[in-house]
1. Might you let me know whether the stretch 206-218 holds any residue that is buried (at least 24 other Cβ atoms within 10 Å of the Cβ) and in contact with a Lys or Arg (Cβ under 7 Å, 6 or more places away or on another chain)?
2. Mind checking whether some residue in the stretch 164-171 is more than 18 Å from the chain's Cα centre (by Cα), under 29 Å from residue 212 (Cβ atoms), at pLDDT 90 or above and not aliphatic (A, V, I, L, M)?
3. Within the stretch 196-215, how many residues turn out to be more than 19 Å from residue 170 (Cβ to Cβ) and modelled with pLDDT of 95 or more?
4. Taking residue 190 as the residue in question, decide whether it is of a type in the set (A, V, I, L, M) and in a helix (DSSP H, G or I).
5. Within the stretch 167-183, identify whether any single residue is small (Gly, Ala, Ser) and within 16 Å of residue 223 (Cβ to Cβ), and answer yes or no.
6. When the stretch 193-202 is examined, which residues are found to be part of a helix (DSSP H, G or I) and buried (at least 21 other Cβ atoms within 10 Å of the Cβ)?
7. Restricting attention to the stretch 139-154, does a residue exist that is over 15 Å from the mean Cα position of the chain (by Cα), free of Cβ contacts under 8 Å to residues at least 12 places away in the same chain and under 17 Å from residue 7 (Cβ atoms)?
Amino acid sequence: MKNAGQLLNQFLGGQGAGGAGGGTGVDLQSMLSGKGGLATGAVVGGLAGLMLGGKKPKKIAKKALKVGGVALVGGLAYKAYRDWQNNKATAPAPLDEADLAAPADSAFLPQAAAAQDDLGTALVRAMINAAKADGHITPDERARISEQLGRLSLENSHRQFVETELAKPMDIEAVAGSVDCPEQKAEIYLASVLIVDRNGPAEQGYLAMLAARMGLEADLVAHLHAAADAAEQE
């Protein structure tokens with residue numbers, strides 16, 4: 001999918017300029033709470049609220065929101081992966097902006113446009129699939145989401161992608177197999193963690209199954225959860 005990072009920004013927010021995090025995003029607080037202008041936060045908030053079944057809105061730290069979609073996920077996953085390799089403690093700590101800087105042209109943050117699009121597409125697909133974990137996205141819910149998508153200033157290909165993915169049955173195998181390298185598997189898992197209610201039993205089961213399907217070690221999973229916790233701290 002072309003310009004997948006722009007669509008990811010609609011889910012994660014941020015105002016990164018250019019590159020993997022480029023485009024103008026809508027912050028996750030506005031998306032989930034329905035605050036903001038009709039063409040941005042209010043409409044996207046309704047969409048994300050439906051996808052999450054009206055559960056408590058997530059909050060992403062302002063430092064994280066400055067980075068943007070792909071760069072945010074890549075930076076958080078890189079920090080978690082590095083801390084795991086260095087056997088650091090998993091307790092969440094406030095983010096430093098330097099923590100969100102994955103090495104340029106690494107597996108976490110590819111520079112080639114095609115590679116960025118492939119990764120961005122996989123991340124958005126993973127988030128949509130994770131949102132289905134509790135089974136609340138019924139045909140009626142999809143119809144409501146589709147109606148709201150029509151009111152957004154989205155590229156046609158992006159709108160069609162979201163509608164197509166929402167209409168598919170949940171497919172954890174497809175998500176787990178969407179990337180090959182361990183670094184991007186960590187990103188896929190982290191993106192899924194960021195979108196779901198981790199206190200829900202269905203969501204917990206989904207995340208456990210996803211980690212198992214991708215062969216993620218328990219210690220790495222703990223670091224990825226700590227990175228998500230840190231991103232949600234103000």
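1. Within the stretch 206-218 (the criterion being buried (at least 24 other Cβ atoms within 10 Å of the Cβ) and in contact with a Lys or Arg (Cβ under 7 Å, 6 or more places away or on another chain)), the answer is no, since none of the residues qualifies.
2. yes
3. Filtering the stretch 196-215 down to residues more than 19 Å from residue 170 (Cβ to Cβ) leaves 199, 215.
Still in the list and also modelled with pLDDT of 95 or more: 215.
Residues in the stretch 196-215 being more than 19 Å from residue 170 (Cβ to Cβ) and modelled with pLDDT of 95 or more: 1 in total.
4. Criteria met by residue 190.
5. Looking for residues that are small (Gly, Ala, Ser) and within 16 Å of residue 223 (Cβ to Cβ), one finds none in the stretch 167-183, hence no.
6. Filtering the stretch 193-202 down to residues part of a helix (DSSP H, G or I) leaves 193-195, 201-202.
Matches in the stretch 193-202: 193, 194, 195.
7. Looking through the stretch 139-154, at least one residue is over 15 Å from the mean Cα position of the chain (by Cα), free of Cβ contacts under 8 Å to residues at least 12 places away in the same chain and under 17 Å from residue 7 (Cβ atoms).
The values are calculated or read from the model by the stated rules, or taken from the named source; none is laboratory data. Just so we're clear, the structure is a prediction, and the values are computed from it rather than from any experiment. Neighbour counts are summed over all protein chains in view; Cβ atoms, including those assigned to glycine, are modelled from backbone coordinates with ideal geometry.
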